[in-house]
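Reviewing the structure listed below.
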Amino acid sequence: MNAIIIFIKNPVLGTAKTRLAEEVGDERALKIYKSLLMYTRTVSSMVHAQRYLYYSSEIIDDEWSPETFHKKVQSGNDLGERMANAFKELSSAHDKVVIIGSDCPQLDLMTISSAFRALDEHDHVIGPSKDGGYYLFGMKEYDPSVFEEMTWSTSSVCEETIKRIKAKNKTYKLLQVLSDIDYKEDWDNYGWELTEISSVT
């Protein structure tokens, strides 16, 4: 069985979507993030794979059903180390592992399914985001080098990841470019898509 990892931040006032909060305030940013969580939960619950939900700080009693999602806590000093540890934990038990975040209202079931299919013929799969990062990453064999000493939250993350994959003579597949929500402009442009949950099938 394949595995999908969902990384989320615990929805706590003042800690969720901090860049967005600088423009719209903490309360509005938290409300937006909870909408993004709802959308991500709806989409990921339909994925044909074992689903692993990784909280940023602690496991809480919330709308994410433990019958649908195996709940865990992220571990590591930065995003790269946390992702590497999650992949390491699951790769031995699953042939294909894909990770997504919780701030992309354009990510749908078809795209995630395409990612798993891409791993039939490629070592890695990447869903690039418009800001230069990625909204999805997957691989068949555990390789922490794609996460180590990366400068996260920059426009070079996806490009640098591809360079590292090529350096090891590994193959990769790029999915369509999508937008995530970091700033008010992003929400104004794409937040409406959260109302289109019924279209993800």
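Residues in region 44-64 include at least one that is surrounded by 19 or more Cβ atoms within 10 Å (Cβ to Cβ), aromatic (Phe, Trp, Tyr), modelled with pLDDT of 95 or more and in a loop (DSSP other than H, G, I, E, B). Only a single item in (1) of a type in the set (Gly, Ala, Ser); (2) part of a helix (DSSP H, G or I); (3) at positive phi is not met by residue 14, and it is number (2). Figure legend. Inter-residue proximity from region 81-95: first residues at pLDDT 95 or above, second residues surrounded by fewer than 17 Cβ atoms within 10 Å (Cβ to Cβ) and of a type in the set (D, E, K, R), beta-carbon distance below 9 Å, spacing 6+ or different chains. Indicated pairs: 81/148; 84/148; 86/72; 89/72; 91/141.
Residues of region 105-128 that are touching a helix residue (DSSP H, G or I) at 6+ places or on another chain (Cβ under 8 Å) and more than 18 Å from residue 164 (Cα to Cα): 105, 106, 107, 108, 109, 110, 112. Could you please tell me which pairs satisfy a Cβ distance under 9 Å, a separation of 6+ or placement on different chains, a first residue in region 66-78 that is in contact (Cβ under 8 Å) with a residue 60 or more places away in the chain and surrounded by 12 or more Cβ atoms within 10 Å (Cβ to Cβ), and a second residue that is part of a strand (DSSP E or B) and of a type in the set (Ser, Thr, Tyr)? Once the first residue is in contact (Cβ under 8 Å) with a residue 60 or more places away in the chain and surrounded by 12 or more Cβ atoms within 10 Å (Cβ to Cβ) and sits in region 66-78, its partners that are part of a strand (DSSP E or B) and of a type in the set (Ser, Thr, Tyr) give 69/52; 74/54; 74/55.
Examine region 152-169 for a residue that is buried (at least 19 other Cβ atoms within 10 Å of the Cβ), of a type outside the set (Ser, Thr, Tyr), under 24 Å from residue 34 (Cα atoms) and out of contact with any Ser or Thr (no Cβ under 6 Å at 6 or more places or on another chain), and state whether such a residue exists. No.
Within region 60-70, does at least one residue satisfy the condition of being of a type in the set (Val, Ile, Thr), more than 18 Å from the chain's Cα centre (by Cα) and over 26 Å from residue 161 (Cα atoms)? Lay out the reasoning, then the answer.
Residues of region 60-70 that are of a type in the set (Val, Ile, Thr), as a first pass: 60, 68.
Remaining after also requiring more than 18 Å from the chain's Cα centre (by Cα): 60.
From what's left, over 26 Å from residue 161 (Cα atoms): 60.
Yes, because at least one residue in region 60-70 is of a type in the set (Val, Ile, Thr), more than 18 Å from the chain's Cα centre (by Cα) and over 26 Å from residue 161 (Cα atoms).
The values are calculated or read from the model by the stated rules, or taken from the named source; none is laboratory data. Please read all numbers here as calculations on a predicted model, not as lab measurements. Cβ: placed from backbone, ideal geometry, glycine included. Neighbour counts: every protein chain shown.
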